[in-house]
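What follows is a single structure, written as structure tokens, with notes after it.
The values are calculated or read from the model by the stated rules, or taken from the named source; none is laboratory data. Just so it is clear, the model here is predicted, and its values are computed rather than measured. Cβ placement follows ideal geometry from the backbone for every residue including glycine, while neighbour counts extend to all protein chains displayed. When the accessible area is computed, the model is the full protein with side chains, heavy atoms only, and any ligands, DNA or RNA have been set aside. Shrake-Rupley method; radii C 1.70, N 1.55, O 1.52, S 1.80 Å.
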Amino acid sequence: MKHSLLPILLLFSLLTLVGINNHQAFGAIYYCSPSGNDNTGNGSLSKPYRNVERALQDMTAGDELQLRDGNYESDEIRIELNNITIKSYPGEWAVITAPTDIEDASSCIWYNEPDVQGGLLENLEIVGGYYYGIKFETNWDWGLGVQYGVRNITIRNCVIHDTGRDCLKITPGCDQIHILNCTIYNSGIGPSNLPQNGGPNAEGIDNVNGSNMIVRNSYFSNISTNGLYAKGGAKNALIEGNLL
């Protein structure tokens with residue numbers, strides 16, 4: 001009986017080491033705080049940056065950014081790296097807000113490079129954007145032979161609201177976008193949704209030809225037009241456990 005425990009102990013040790021190594025290999029952790037400083041800070045917990053855009057300049061693929069409690073301005077936060085995590089600091093709540101009346105700030109958060117793969121937005125409040133709260137970009141209309149978009153992004157436990165048009169915009173080829181346990185409301189409140197600008201046309205989630213989307217356990221209210229849809233060639237969408 002004593003010898004039979006040895007393989008189990010060895011396996012446990014191996015799994016522990018693998019877990020540690022995977023955690024270390026995932027990337028560095030950076031911090032932002034409303035009381036931080038983009039000039040004198042270094043992104044550490046004791047010397048955080050002030051703005052998300054400044055922290056992203058230092059980050060590389062696989063890094064994580066934790067936002068301390070409070071409000072952050074977005075002039076259009078662009079995520080161009082694979083497997084970037086942006087989340088509120090544990091036990092706190094960060095709010096990222098973009099204007100709805102400045103067209104250059106077209107999205108509060110924009111995954112703007114179509115070849116971005118992997119990423120997580122978690123425990124955040126995302127507000128505004130002239131068009132979108134969150135947009136996932138595609139190369140669909142770039143005239144290239146191979147067409148694809150941002151893929152494998154998870155939006156979890158987020159509140160997304162008061163956007164110029166759609167709260168979330170998924171463009172062609174942006175596959176495996178997962179929206180889980182989110183609250184989505186007040187789409188289309190900006191001038192971009194006025195009749196003279198082509199409105200009303202402001203969905204909670206506007207998915208045009210993005211396959212393998214999952215929308216689960218989320219709440220939608222006060223949406224200008226459609227609550228959510230997957231159209232234009234989208235395949236294998238799973239929409240379950242939501243309240244609209």
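Key figures
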quantity	calculated
Set of lysines with alpha-carbon distance to LYS47 below 23 Å, sequence-local pairs under 8 removed	LYS87
Relative contact order (%) - the chain, alpha-carbon pairs under 8 angstrom, separation at least six	11
Cα-based reach from LYS231 at 18 Å (exclusive), listing aspartates and glutamates while leaving out same-chain residues under 8 positions away	GLU137, ASP141, ASP166, ASP175, GLU203, ASP206, GLU240
Formal net charge of residues neighbouring TYR111 (Cβ-Cβ distance under 12 Å; K, R +1; D, E -1)	-1
Within segment 195-244, trypsin sites (Lys or Arg not before Pro) in DSSP loop having at most 16 other beta-carbon neighbours inside 10 Å	LYS235
Simple spin-label estimate for ARG156 and GLN117 in nanometres, 7 Å along Cα-Cβ	2.0
Förster radius 51 Å - calculated FRET efficiency between ASN217 and ASP141, Cβ distance, rounded to 0.05	0.95
Probe 1.4 Å, protein heavy atoms only - accessible area per residue of segment 32-112 in square angstrom	46
Dimensionless Rg over Rh [the chain; C-alpha; Kirkwood]	1.05
Mean residue ellipticity (222 nm) of the chain, computed from DSSP H runs ≥ 4 via -39,500 (n - 2.57), nearest 500	-4000 deg cm²/dmol
